[in-house]
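The values are calculated or read from the model by the stated rules, or taken from the named source; none is laboratory data. No experiment lies behind these values; they were computed from the predicted model shown. Please note: Cβ atoms are built from the backbone with ideal geometry, for glycine as well, and neighbour counts cover all protein chains shown. Only protein heavy atoms, including side chains, enter the accessible area calculation; ligands, DNA and RNA are left aside. Shrake-Rupley method; radii C 1.70, N 1.55, O 1.52, S 1.80 Å.
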Amino acid sequence: GAARIIGHPSMDRFPLLLKIFPELIDKPDAGSFNNVNIEFAMTLKPDLVVASVTSANMNEKIKHLGFPLVTVGTGRTNVELLLQEFAMM
């Protein structure tokens with residue numbers, strides 16, 4: 001669940017998510033898409049990074065650092081794939 005999340009993008013755009021998982025308010029903002037703070041993200045020592053399929057350049061940098069990475073559609077997908085992504089998580 002949300003307790004296993006160690007960092008995420010800014011929650012400014014996701015007020016409903018914070019209502020569902022209020023504990024996320026205290027998690028650090030590591031950036032998002034092609035604006036990830038790589039140095040800061042490395043200090044979090046993630047077991048897995050979940051990233052957007054639209055951020056190919058940043059995803060390659062993250063993989064190059066040796067972090068396991070899984071990509072998701074982030075709004076650029078159909079319902080069937082979205083359900084598969086939810087099940088994967």
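Only Cα pairs under 8 Å and 6+ residues apart enter the sum, and on that basis the relative contact order of the chain stands at 21 percent. The relative contact order of segment 19-70 comes to 33 percent, based on Cα pairs under 8 Å that sit 6 or more residues apart. Per-residue ellipticity at 222 nm, computed for the chain from helices alone with -39500 (n - 2.57) per DSSP H run of at least four residues, works out to -9500 deg cm²/dmol. Normalised per residue, the accessible area of segment 1-80 is 71 Å², obtained with a 1.4 Å probe and no contribution from ligands, DNA or RNA.
Amide H to amide H, with H built 1.01 Å from N, residue 49 comes under 5 Å of 69, 70, counting only residues 5 or more places away or on other chains. Here segment 23-89 exposes an accessible surface that is 57 percent carbon and sulfur, computed with a 1.4 Å probe and the other protein chains kept in place. Take 45-58, 63-76, 11-24 and order them by the average number of nearby Cβ atoms within 10 Å per residue, most first; the result is 45-58, 63-76, 11-24.
For the pair residue 10 and residue 80, a Förster radius of 30 Å applied to the C-beta separation gives a FRET efficiency near 0.55, rounded to the nearest 0.05. Spatially close Lys pairs in the chain, defined by Cα atoms under 18 Å apart and a spacing of eight or more places or different chains, total 4.
Phi angles of segment 45-54 translate, via the Karplus equation with coefficients 6.51, -1.76, 1.60 and θ = phi - 60°, into HN-Hα couplings of 6, x, 7, 7, 10, 9, 9, 7, 5, 7 Hz per residue; Gly and Pro are given as x. Estimated at 0.36 nm per residue, the fully extended path between residue 65 and residue 20 surpasses their Cα-Cα distance by 13.0 nm. The simple Förster model, with R0 at 22 Å and r as the Cβ-Cβ distance, assigns residue 35 and residue 2 a FRET efficiency of 0.45.
Across segment 75-85, rounded Karplus estimates of 3J(HN,Hα) from the backbone phi angles (6.51 cos²θ - 1.76 cosθ + 1.60, θ = phi - 60°) give x, 10, 8, 9, 4, 4, 5, 4, 5, 5, 5 Hz, Gly and Pro being marked x.
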